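This report concerns only the one structure given below.
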């Protein structure tokens, strides 16, 4: 009687053989779909790492800047923001630079919106390609199936009538492999695309929230300064 380890090894070997057979029977389109899937997943991994690094940098610089802003120490906050590579640091540096001579908060808000518009493209870069590759994988799967069906009908055209049904069913079964594999590649790419889109939107929302908080703090500090000047007078 086979042991548990031997049974697991046999099961694993059997599964690998099934996958290899499925892949080999699908024809050349299987390799193209697999390449598209790898490229899509490579972009997904790069975007995932970049967005998480951006989020961590934003959180780190915000923890440094917010106490300085609430204390009204805009000069130190601007120096800190200018030396930061974080997106929020760059956006706030636009607002802090404008706050030194701006007469209205609208001018500061416009300056930070300019910084936000500069930051967004780097967050969204290459993400849309993931959805494109998912669609390409699906279409390649369908194309592979159609080509397989054409070859199948051509092959059985001159075959023995008694064998036509068996040959045709076998050929169609193989041809459908590309559609199945195309969907297997497209579904994870679409799910990854949706996640990365959501992550990007969260980062943009957090940067907009940081801008609003800075404006609120700036107004409070300005009002406090005016109140002190009024009391002194």
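Miscellaneous remarks
- Residues 35, 193 in ascending order of nearby Cβ atoms (within 10 Å, fewest first): 35, 193.
- Mean separation of Cα contacts under 8 Å, 6 or more apart, over the residue count of the range 30-219: relative contact order %: 31 percent
- Take every Cα pair under 8 Å whose residues are at least 6 apart in sequence, average their separation, divide by the length of the range 35-103, and the relative contact order is 27 percent.
- Distance between the pseudo-spin-label points of residue 142 and residue 183 (7 Å out from Cα toward the beta carbon): 1.3 nm.
- The range 30-219: mean projected area of Cα convex hull, nm²: 12.5 nm²
Laboratory data are not the source of any read-out in this text; all were calculated from the coordinates shown. Since the model is a prediction, treat every value here as computed from it, not as a measurement. Positions of Cβ are generated from backbone atoms using ideal geometry, with glycine treated the same way; all protein chains shown enter the neighbour counts.
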